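The values are calculated or read from the model by the stated rules, or taken from the named source; none is laboratory data. Quick caveat: nothing in here was measured; it's all calculated off a predicted structure. Counting neighbours? That spans all protein chains shown, and the Cβs are built from the backbone with ideal geometry, glycine included.
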Amino acid sequence: MTVVDDKSQVKNVAKSSFDETKVDDGFFILTYKNDQSVVQSLVKEMHSDFIQFHFCIKGSCKFVFNEGRYSLNILEENSLLLYNPQRELPINLDVNPNSWIVTVLISIKKFHGLFSQEADYISFLNEDNKDKKYYKDGVISPSLAIVLNQLINYNLNQTIKNLYYKGKAYELLSLYFNRNEDANIEQCPFLVDETNVIKIRKAKDIIISRLAEPPSLQELADEIGLNLKKLKEGFKQIYGDSVFSFLFDYKMEVARKLLESGENNVNEVGLKVGYSTASHFIAAFKKKYGTTPKKYIMSLN
């Protein structure tokens, strides 16, 4: 991997925050923190039989194709999956200042071995698509964000690093594919009427804007002018989750960001996301992320 700044001066990788870890044969994790004030370019030759997952945790970056003739932006908290068995797809990332990136590279052979019987569940592995190129962007879920931050902020003993990364790499792939592939599609067979789609999206906006004191399901249904059954079924179809499960995940993601900012203590964060007592907030945070808010803050340091 070569790291180059915007003045085309080759950087010493050892002095940068770039790290490449071999998880297994045909399986690698790259982490990069560009905490400088200039754009950094990451360049790596890649064989065509590798699937690439690029996750932008912070800031933004740009994946450059065909020697600069085409590019795709990867914004903060978004991901890009790339696979093209017909031609080599070298990594060429322009990482903007104050941006953090995690990249997972896995050979198609290794990847098939992980899913084998479930290959048809992964759309680009099914019989019709397995020899076609596949590009997919998406939003990083709260659970994915935790694992990605654990990888990029690794500060445990170096002797266990490979073992730790191996466990996190498999966890990352499990979480990435544990989702409804149509969860972000705004149009779906159940909601043929565009008016209903708009109402469901309004319901999402309402619960987000009032996350500390959300309305009941019936109150929400009344407010958007949709019956309770259509609200529940439609929300599940569009966003891949129930209303309150979606809200819970959203609350925990807001809480995680507030804790990371360091501007509020645990009690204040809990109140901001709707928990009247610290104990209830701590229990909810631990249920979601497997650790307490205080321990999470300590892990960042």
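If the condition is being more than 27 Å from Lys202 (Cβ to Cβ), among the small types (Gly, Ala, Ser) and in contact with a helix residue (DSSP H, G or I) (Cβ under 9 Å, 6 or more places away or on another chain), then region 234-272 contributes Gly262, Gly270. Counting the residues of region 91-109 that are touching a Phe, Trp or Tyr at 6+ places or on another chain (Cβ under 9 Å), more than 26 Å from Asp24 (Cβ to Cβ) and not in a strand (DSSP E or B) gives 0.
Residues are listed down the side, and each one gets a yes or a no for (1) surrounded by fewer than 16 Cβ atoms within 10 Å (Cβ to Cβ); (2) in the same structural domain as Ile200 (by TED's automatic domain parsing); (3) within 21 Å of Lys58 (Cβ to Cβ):
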| site | (1), (2), (3) |
| --- | --- |
| Ala221 | no, yes, no |
| Asn227 | yes, yes, no |
| Val254 | no, no, yes |
| Leu258 | no, no, yes |
| Glu263 | yes, no, yes |
| Val266 | no, no, no |
| Ser279 | yes, no, no |
| Lys288 | no, no, yes |
| Lys294 | yes, no, no |
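Residue count for region 56-90 satisfying the condition of being part of a strand (DSSP E or B) and over 19 Å from the mean Cα position of the chain (by Cα): 4.
Residues in region 135-178 that are over 21 Å from Leu72 (Cβ atoms) and in a loop (DSSP other than H, G, I, E, B) were compared, and the one that is modelled with the highest pLDDT is Asn157.
Residues are listed down the side, and each one gets a yes or a no for (1) at pLDDT below 90; (2) more than 25 Å from Ser261 (Cβ to Cβ); (3) surrounded by fewer than 15 Cβ atoms within 10 Å (Cβ to Cβ); (4) not small (Gly, Ala, Ser):
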| site | (1), (2), (3), (4) |
| --- | --- |
| Cys56 | no, no, no, yes |
| Phe63 | no, yes, no, yes |
| Glu67 | yes, yes, yes, yes |
| Tyr70 | yes, yes, yes, yes |
| Asn78 | no, no, no, yes |
| Leu81 | no, yes, no, yes |
| Asp94 | no, yes, no, yes |
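Selection over region 38-54 of residues that are in a strand (DSSP E or B), crowded, with 17+ Cβ neighbours inside 10 Å and of a type in the set (Val, Ile, Thr) gives a count of 1.
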